[in-house]
1. Could you tell me the relative contact order of region B:197-339? Use alpha-carbon pairs under 8 Å, at least six residues apart, and round to a whole percent.
2. What is the distance, in nm, between label points placed 7 Å from the Cα along the Cα-to-Cβ direction at B:Glu167 and at B:Asn116?
3. With the Cα gyration tensor of region B:119-211 giving a ≥ b ≥ c as the square roots of its eigenvalues, does the rule (a/c under 1.5 for rounded; else a/b larger than b/c for prolate; else oblate) give rounded, prolate or oblate?
4. Along region A:214-224, what does the Karplus equation 6.51 cos²θ - 1.76 cosθ + 1.60 (θ = phi - 60°) give for ³J(HN,Hα), rounded to whole Hz, x for Gly and Pro?
5. Across region B:243-248, in residue order, what do the Karplus-derived ³J(HN,Hα) couplings come to in whole Hz, using 6.51 cos²θ - 1.76 cosθ + 1.60 with θ = phi - 60° and x for Gly and Pro?
6. Within region B:232-327, list the GluC sites (Glu not before Pro) lying in a DSSP loop whose Cβ has at most 14 other Cβ atoms in a 10 Å radius.
7. Give me the one-decimal Kirkwood hydrodynamic radius in Å for region B:307-350, with the sum taken over alpha-carbon pairs.
8. Helix-only mean residue ellipticity at 222 nm, chain B, DSSP H runs n ≥ 4 weighted -39,500 (n - 2.57), per residue, nearest 500. What is it?
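FYI, it's all coordinate maths here, none of it is from the lab. Quantities reported herein were computed from a predicted structural model and do not represent experimental measurements. Cβ atoms come from the backbone with ideal geometry, glycine included; neighbour counts cover every protein chain shown.
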Amino acid sequence: MHIFKNTNFDFLRWRWQAIGLSWVIIIAGVITLATKGIPKGVEFAGGTVVIERYEQAVSVDQVRQALDRNYPGGGQNTVVQAYGDPAANMVLIRVPQVGAEAGSSLTVEAQKVEDALDKAGLGKRSREGAEIVGATVGEELTRKGILATVLSLVGILFYLAFRFQFSFGVGAVVATIHDLLITFAFLAFFRYDISLNVIAAILTMTGFSTNDTIVIFDRIRENLRGMRRDSMPHIINASINQTLTRTVITSGTALLTALALFFFGGEVLHGFAFTMVVGIITGTYSSVFIAAAIVSLWKGTAPTRAAAHAPSVAGAPAPQQPQRKQKPQRKARAS
Amino acid sequence: MTNLRWKILTVLAVFFIFFAVGPYPILAARYHLPSPGWLQEKQRKLGLDLKGGVQLVMRVQTEDALRLETDLESERLRDGLRTANIPANVVALNSTQFRVDGVPPAQDAAFRTSANEVQTNFERGSASNGSYTFTMRPNIAQNLRAEAVVQARQTIERRVNELGVTEPTITQQGNEQILVQLPGVTDVERAKQIMGSPGLLELKIVERVAGTKEELLTNGQPPEGMEVLPGTGGLGDAGTMYYLVKRAAAVTGRDLRNARPSLDENNRPAVSFTLNTEGGRKFGKVSGENIGRQLAIILDGRVQSAPTLEGRITTDGRISGSFTPEEVSNLSLILRSGALPATLTYLSEQTIGPSLGADSIRSGVMASVVGLALIVVFMLVYYKASGINAVVALLFNLVILLGLMAYIGAVMTLPGIAGFVLTMGIGVDSSVLIFERIKEELEAQRGVRAAINAGFSRVFLTLMDTHVAALISCAFLFQFGTGAIRGFALTLFIGLASNLFTSIFVSKTIFEVELANRAQGARLSI
């Protein structure tokens, strides 16, 4: 059974449209972030999150009114939303960081929220969870996170430059940055908090995307040795077509898992699952349309000089290539 | 043929080992199957976000430790100068500096000799009009800071252990931060109180008692070698009095051997303590010399009670005051665990109710199972019989992952589940790559055995490249990430390594077994 057999789509032809589409989404994302701000989760922005479970059903509006009336500073900067299974009557309340990071004031914030709720007489409640983070922890987390990501990208760039060609490294890194930007854009569109779980999801899908990209590059590298007389764009297209089945299957199965998480995974995993879904789609798209396009642009479209550039594959067992063009010759030998 | 036998044996052995360590204890716990105790202990630990509990991040104010040392050294110098009859004034400036004023020029040389001992840790600035400024040496300061954090962590560890928390995590994060995770704890306030309380016990001789602070001061300052301390401000023994006490403590909490709740002569809750031999000797000397005077029992800078010394006391004493039974129990715990070398400020705090954690596990597991089931169905349908190889390899991978994580005691958190998902995805991808390549080889009219071999060996290169690139990211994430991100990196790292083993070695072995039992010339079901 084959999903795609001997296809010959010209992926490179659509590269400018693809790049254009990506830019549109990225710019829309940037505008959204600039106007509405980055929806930072509490780990990054600092602040207090309290999750309360009520015995009777309580509406989000009631809670918001309670905060407006009784919470010092009113309810303007607070976020109130229903949480989890509606039957559980849980509410999530988020209050931004106020004042210094000193420990006692953090707990006091949670207490103030609960006092405000109780004053409104909304019924018996119990605290299901709380998270209180001082601003400095958030800054440090952001700083280290960015540092780790940048260094990873540099590391991948060098590794791919070493194992393939420099242009391949550039292509992979550009594709990854593209994925990050698009994912953040979608998170901004749908107002998902950037929490620690979301970051974990972003890292996961970056891994997937790089995986996809390297598989395609590997095929390009192989074809560069086998199809020496063809032009680079032709080789790139051929490589993508040859790996199309595998790309669709892998991305498809990953997408299925992510969708399962999204629909069945529960409240806490929602941001994570959403990021995964977006990330997998974007990752596949970028591997197929963006990464290879960058390689082609970087190298220009001259007939391949692959013979001079193809790096030796040190130490690996010499693979036996299916020499399609020499098929008749092999048959002759066998008989 | 024997080569194949060895391979099969290896595969089965690996599977057995990891299954026994990883999934089996979980199944055993659930379905009440027999299993040895030591195996159960190794069971995978659940992170807080899955089990429920409290997580606190605090910073150790290392400045306190520096100040303590500076005070100690300046005191020692003051005593030394007094013994040498040098009438100079010692003034503390900040946490790392103190100054000596008014050294008579005639006794300059004598001063320098007296100051020799202090100069091991403090650098002596040059004189100006008989004043010398002493500054702590930078390497000493650095050592003290590092020591303070280590001591704080150890003290917190002792206190948490006394609290009876199962499987707490107390680790140092960076230079000055400590991360504490207390699974299953719901009373955050009590935990914070016990951990953060300085717990400094000091016994000092009382010079005078007065109703206000001013009465005890001369010219706005306490007399040399003395200090003024407030009472606890509540009802009871010490009340709202102020005490003028000797600065140097006769006995401190370090000399304690034990502390436990008890009752005082009025049957109110109190803490009885026992000193060790050295402490007993010091206490005996001081109490013997000061019979008839009051002894202030000071806790964290406040005088709890000040009984009159009626006789020489050596090792046993009692702290009474207006305590509740709970306070007495907390206090005994804190004293037993030793004093904190510095104050703690709380940077972040997270509580997860246990039901929220259980919900997360349930949903996460169910979703993963659904996803896994879909993958299995697809692989079997698309790759037919060979799909079984892929499924086996995938499950094998999961077993190894669970087993290894259980063995090293890694904690499973939600981001850790993310690492799991990625591993599953890469595992599927590896199998797909291999099978597609085998298909290509078969189409190029190669024999079945040759196609399989070629498929595996060619894809091995590809897998090396993808896995190394992912491992590079992993390494950086592990290095710079904190807490949960580290868990993700660790899960990914183990998953990638085991994937190389299962997708290539295990899968190929299954193929070879199939080949060995296959009729000549039959088609490969793929």
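1. So the answer I get is 31 percent.
2. Between B:Glu167 and B:Asn116, the simple spin-label model gives 5.9 nm.
3. Oblate is the answer for region B:119-211, as a/c is 1.5 or above yet b/c matches or exceeds a/b.
4. The phi angles translate into 5, 4, 5, 4, 4, 5, 4, 4, 5, 5, 4 Hz.
5. 10, 9, 10, 5, 5, 6
6. B:Glu265, B:Glu310
7. This gives a value of 13.9 Å.
8. The helix-only estimate for chain B comes to -17500 deg cm²/dmol at 222 nm.
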